[in-house]
Amino acid sequence: MSSTRKRRVFPFTAVIGQEEMKLALLLNVIDPRIGGVMIMGDRGTGKTTTIRALADLLPEISIVEGDPYNSCPSDPDLQSSEVRQKLSDGESLSTDSKKVPMVDLPLGATEDRLCGTIDIEKALSEGVRAFEPGLLAKANRGLLYVDEVNLLDDHLVDVLLDSAASGWNTVEREGISVRHPARFVLIGSGNPEEGELRPQLLDRFGMSVEVSTVREAELRVQVVDQRTAFDTDPELFSSDKQSKQDELQNKVVDAQNRLQAVSIDDDLRLRISAVCGELDVDGLRGDIVTNRASRALAAFEGRDEVTEEDIARVISCSLRHRLRKDPLEQIDSGDRVIKAFCKIFERKEDSNLEDFALSFSD
């Protein structure tokens, strides 16, 4: 990680508490196919700070210079049609590197702003129809953050989730058809007091975590002191955390490289599906996400095989937001998931609840 930066962001390893949120974010970075994270909780609990810190933690990515879609020089699935055309024509590509993009979607954004639109200025001045990329293009290979996602128009949420699931954005405008890569980690946050997402939309998020205000006085003082120290001297504060940042960054990169080698036993996969059946979870997303999240957790901890404990730690965050059938119901806290897990995996229901915590420790 470069020691010189254009901006200073609060270090990820300095974020106190919110272990469930931090690990869920890391698992989605290790395997973006998990499908993103929905973070629900109180205001002022460090959601936005943690997400910006995550983007700053990650290593720089290699991109094709001048390409508006952050195209990867080597992976065709992460290349725009223009880049692929240049490669098929035998042209050489100039490359560059940049920080992992972190894109904020404002609540007032339009579909054109999100997906892209026609460049009217170029159409009028040059008489050509050109496409102006939107926020999905900027978010390719990065993080797309939607604060107060429960207040966003449902049709925009649909567009976001479709792109996040497929990895592509297709736009049909004024006779122009454009398809470009849009593979990003979708992160939504919101306050339950301001309304819930429809169950159909909530189900599309891979994982759901809850954050709450720290109540212990000592921890609150520690959080305040950390923030004050960072605001007073960001350079000094960040340099003190640099070794931990580098260590965690290397751990994430190693996990990304290890992920394909991680296996999960057939019996464990059957039990995961049995839990989903016991809970009457609609569709198969719950099964898929639990499998992927447990593999990502094993990779993060340096192992090549998923254990029952890995599943115990991820299954609540992977399933609890899929249990709500009625829009007026609240998201389950995870108790029902834990009871079903204990039944299928033959554990005592009075097992230590910490066994089921998606906790992260640096």
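The values are calculated or read from the model by the stated rules, or taken from the named source; none is laboratory data. Bear in mind the structure is a predicted one, so any value in this text is a computation, not a measurement. For neighbour counting, all protein chains shown are included, and Cβ atoms are generated from backbone atoms with ideal geometry for every residue, glycine included.
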- [ ] Might you check whether a residue that is over 17 Å from the mean Cα position of the chain (by Cα) and of a type in the set (Ser, Thr, Tyr) occurs anywhere in segment 130-145?
- [x] no
TODO: Take segment 72-100 and flag every residue that is of a type outside the set (S, T, N, Q), without any contact (Cβ under 8 Å) to a residue 60 or more places away in the chain and within 18 Å of ILE61 (Cα to Cα).
DONE: PRO73, ASP75, PRO76, VAL83, LEU93, ASP96, LYS98, LYS99, VAL100
Task: segment 212-225 - residue that is outside any helix (DSSP H, G or I) and in contact (Cβ under 8 Å) with a residue 24 or more places away in the chain and, of those, farthest from the chain's Cα centre (by Cα) - done: VAL214
Open item on the list: Checking the structure you have, find out if any residue of segment 345-354 is at pLDDT 90 or above and either within 30 Å of GLN249 (Cβ to Cβ) or not small (Gly, Ala, Ser) (or both).
Closed with: yes
Open item on the list: Between ARG269, ARG324, which is in a loop (DSSP other than H, G, I, E, B) and either under 17 Å from ARG33 (Cβ atoms) or not hydroxyl-bearing (Ser, Thr, Tyr) (or both)?
Closed with: ARG324
TODO: Could you tell me which numbered condition VAL209 fails, if it satisfies all but one of (1) surrounded by 14 or more Cβ atoms within 10 Å (Cβ to Cβ); (2) part of a helix (DSSP H, G or I)?
DONE: (2)
- [ ] Out of ILE331, ILE288, ILE264, report the one residue that is at pLDDT below 95 and surrounded by fewer than 21 Cβ atoms within 10 Å (Cβ to Cβ).
- [x] ILE331
Open item on the list: One residue is enough: does segment 121-132 have a residue meeting the conditions touching a Gly at 6+ places or on another chain (Cβ under 7 Å), within 29 Å of ASP310 (Cβ to Cβ) and of a type outside the set (Ser, Thr, Tyr)?
Closed with: no
Task: Hits in segment 171-199 (condition: at pLDDT below 80 and among the hydroxyl-bearing types (Ser, Thr, Tyr)) - done: SER177
Task: Among the residues listed as ILE61, ILE16, the single one being assigned by TED's automatic domain parsing to the domain that holds ILE187 and closer than 30 Å to ARG220 by Cβ - done: ILE16
TODO: Tell me which residues, restricted to segment 48-82, are farther than 21 Å from ALA296 by Cβ and in a helix (DSSP H, G or I).
DONE: THR48, THR49, ARG52, PRO76, SER81, GLU82
- [ ] Under 8 Å between Cβ atoms, at least 6 apart or on separate chains: pull out the pairs that start in segment 226-255 with a residue that is closer than 22 Å to LEU26 by Cα and basic (Lys, Arg) and end on any residue that is part of a helix (DSSP H, G or I) and at pLDDT below 95.
- [x] LYS241/THR13; LYS241/ALA14; LYS244/THR13
Task: Residue count, segment 25-47 (criterion: touching a strand residue (DSSP E or B) at 6+ places or on another chain (Cβ under 7 Å), farther than 13 Å from GLU148 by Cβ and in a helix (DSSP H, G or I)) - done: 5
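Looking at this structure, is VAL178 surrounded by 21 or more Cβ atoms within 10 Å (Cβ to Cβ), part of a strand (DSSP E or B), out of contact with any His (no Cβ under 7 Å at 6 or more places or on another chain) and in contact (Cβ under 8 Å) with a residue 24 or more places away in the chain?
no
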TODO: Could you check GLU91 against (1) in a helix (DSSP H, G or I); (2) over 17 Å from the mean Cα position of the chain (by Cα) and say which number it fails?
DONE: (1)
- [ ] Looking only at segment 76-105, count how many residues are of a type outside the set (Lys, Arg) and surrounded by 12 or more Cβ atoms within 10 Å (Cβ to Cβ).
- [x] 16
Task: Selection from segment 181-205 of residues that are buried (at least 21 other Cβ atoms within 10 Å of the Cβ), among the small types (Gly, Ala, Ser) and either over 27 Å from PRO68 (Cβ atoms) or in contact with a Lys or Arg (Cβ under 6 Å, 6 or more places away or on another chain) (or both) - done: SER189, GLY190
